[in-house]
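Asks: Would you mind keeping the following structure in view while I ask a few things?
The values are calculated or read from the model by the stated rules, or taken from the named source; none is laboratory data. Nothing here was measured: the structure is a model prediction, and the numbers come from that model. Note: ideal-geometry Cβ built from the backbone for every residue, glycine included; neighbour counts use all protein chains shown. Accessible surface areas use protein heavy atoms only, side chains included; no ligands, DNA or RNA. Shrake-Rupley method; radii C 1.70, N 1.55, O 1.52, S 1.80 Å.
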Amino acid sequence: MSTYELLFILKPDFAESELEGVLEQIRDVVEKSRGEVIEEDSWGKRSLAYNIKGFQEGYYFVWQISVPETDVAYLKKTLGMNDDLIRFMLVK
């Protein structure tokens, strides 16, 4: 398994109490990709450098994850279909 850094931005529409449910969905996607979340870091709600999908703010998160290289394509595809994500980036 390889270690990756997953940075993602969630829509700013969520209340703090709703965020945990959305984060749990993303954890499930990582686990369905036969991976695991090693470390989670929340940067909180921040302004975006430019509008993305009509949003000027978003909740930033950076996770260290471990995923087999054969399942990275599935992970990217599944995250790309999540409407709660404004943007994500997966770096090895």
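Asks: Tell me which residues, restricted to the range 77-92, are touching a residue at least 12 places away in the same chain (Cβ under 8 Å), farther than 23 Å from GLU16 by Cβ and not hydroxyl-bearing (Ser, Thr, Tyr).
Replies: Quick first cut of the range 77-92, residues touching a residue at least 12 places away in the same chain (Cβ under 8 Å) only: 78-79, 82, 84-92.
Of the ones still in play, those that are also farther than 23 Å from GLU16 by Cβ are 78, 89-92.
Of everything in the range 77-92, those that are touching a residue at least 12 places away in the same chain (Cβ under 8 Å), farther than 23 Å from GLU16 by Cβ and not hydroxyl-bearing (Ser, Thr, Tyr) turn out to be MET89, LEU90, VAL91, LYS92.
Asks: Of all residues in the range 1-13, which are modelled with pLDDT under 90 and either among the small types (Gly, Ala, Ser) or within 20 Å of MET89 (Cβ to Cβ) (or both)? Steps first, answer last, please.
Replies: First, the residues of the range 1-13 that are modelled with pLDDT under 90: 1-2, 13.
Once the filter is applied, which keeps residues that are modelled with pLDDT under 90 and either among the small types (Gly, Ala, Ser) or within 20 Å of MET89 (Cβ to Cβ) (or both), the range 1-13 yields MET1, SER2.
Asks: Specify the residue that is most open to solvent (accessible area, probe 1.4 Å); the eligible residues are those in the range 53-71 that are within 15 Å of the chain's Cα centre (by Cα) and under 20 Å from ALA15 (Cα atoms).
Replies: Residues of the range 53-71 that are within 15 Å of the chain's Cα centre (by Cα), as a first pass: 58-67.
Checking which are under 20 Å from ALA15 (Cα atoms) leaves us with 58-62.
Working: GLY58: 0, TYR59: 13, TYR60: 36, PHE61: 12, VAL62: 17 Å².
That would be TYR60.
Asks: Sticking with this structure for a sec: Kindly evaluate LEU79 against the criterion of being surrounded by 15 or more Cβ atoms within 10 Å (Cβ to Cβ) and either within 12 Å of the chain's Cα centre (by Cα) or at positive phi (or both). Please lay out each step first, then the result.
Replies: Values: surrounded by 15 or more Cβ atoms within 10 Å (Cβ to Cβ): yes; either within 12 Å of the chain's Cα centre (by Cα) or at positive phi (or both): yes.
Yes: the conditions hold for LEU79.
Asks: If the requirement is being open to solvent by 100 Å² or more (accessible area, probe 1.4 Å), of a type in the set (Ser, Thr, Tyr) and free of Cβ contacts under 8 Å to residues at least 12 places away in the same chain, which of these qualifies: TYR74, TYR50?
Replies: Numbers: TYR74 fails: free of Cβ contacts under 8 Å to residues at least 12 places away in the same chain.
Only one candidate passes the filter, namely TYR50.
Asks: When the residues of the range 1-31 are filtered to those that are in contact with a helix residue (DSSP H, G or I) (Cβ under 8 Å, 6 or more places away or on another chain) and in a helix (DSSP H, G or I), which remaining residue is most open to solvent (accessible area, probe 1.4 Å)?
Replies: Checking each candidate, the answer is VAL29.
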